[in-house]
Amino acid sequence: MTKPECQSVTGASTHAEHGKRVADMFGRIAGWYDFLNHALSLGQDIYWRYRLAKAARPEPGGMILDLAAGTMDVSVELLRQYPDCQVAALDFALPMLENGKAKKLKKGREQRIFPVQADGRALPLPDASMAAATIAFGIRNILPREDAYAEFYRVLKPGARLCILEFGTGSKRVWKGLYNLYLDKILPFIGDRISGDPDAYRYLAETIKQFPDERALGNELLSAGFERVYNVPMLSGIVYLHVAEKPV
């Protein structure tokens, strides 16, 4: 029997199929995505995105890559903090970008934020062209992650930062197991009642539980060629901000 190309929570046997299933899943919940992000995190997602953008530190006037941009909340925060920069907002799920474009690319933002549908494993960007790169709650959706790291490394300028915002592994007991209960039961239930798509939030819970811990992710970034890798835990380690630099 042929061994599957990838081990995906979606049941896909190839990386290409995995990407399509994930994009379709996020496309189905695009209309509810922002509301559920705020509700399920009790508003903490706003602070997390602030910290992510603050860590990016792009050169003045540079172009920032926001991969897995979704409805472009991070892109908007990047532009707020760095108004002289431009943002390439890339995502595999076109409905997410369209939803964000309709709601958020106003008051001049549409002249500095550029949404593009793209695969994180093959970015439509020139080598050494980005002054910084961010990805919020998206790296675990890309398989294999090594391909995404290689693309980040390729498009970043020497000395530029890659900043990753991601959940910590759900394999650790947080708050005496309350967080694990939240992942297993509460998250899919709320997602089903509001969005009508329980599979999307079961997928979220499963990918969090299977995600590597902060040390393992740091080692992945070092193996990809990055340096000065560190992480900042938030909310008792439920969320981590990972920062890495491309060598000069």
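The values are calculated or read from the model by the stated rules, or taken from the named source; none is laboratory data. Not measured: the values here are computed from a predicted model. We place every Cβ from the backbone using ideal geometry, glycine too, and count neighbours over all the protein chains shown. Quick note on the areas: whole protein, heavy atoms, side chains included, nothing else; ligands and nucleic acids left out. Shrake-Rupley method; radii C 1.70, N 1.55, O 1.52, S 1.80 Å.
For the reader, a short list of remarks on this structure follows.
- Within the set ASP91, ASP66, the sole residue that is of a type in the set (D, E, K, R), under 18 Å from ARG140 (Cα atoms) and open to solvent by less than 10 Å² (accessible area, probe 1.4 Å) turns out to be ASP66.
- Filtering region 69-87 to residues that are closer than 15 Å to CYS163 by Cα, open to solvent by less than 10 Å² (accessible area, probe 1.4 Å) and touching a Phe, Trp or Tyr at 6+ places or on another chain (Cβ under 8 Å) leaves only VAL87.
- Selected residue (criterion: surrounded by the fewest Cβ atoms within 10 Å (Cβ to Cβ)) from residues of region 138-161 that are closer than 20 Å to ALA12 by Cα and out of contact with any helix residue (DSSP H, G or I) (no Cβ under 7 Å at 6 or more places or on another chain): GLU146
- For first residues located in region 219-232 and touching a residue at least 60 places away in the same chain (Cβ under 8 Å), partners that are buried (at least 18 other Cβ atoms within 10 Å of the Cβ) and part of a loop (DSSP other than H, G, I, E, B) and lie 6+ apart or on another chain with Cβ distances below 8 Å form the pairs GLY225/LYS246; PHE226/LYS246.
- Scanning region 118-137 for residues that are open to solvent by 20 Å² or more (accessible area, probe 1.4 Å) and closer than 21 Å to GLU77 by Cβ yields LEU125, PHE137.
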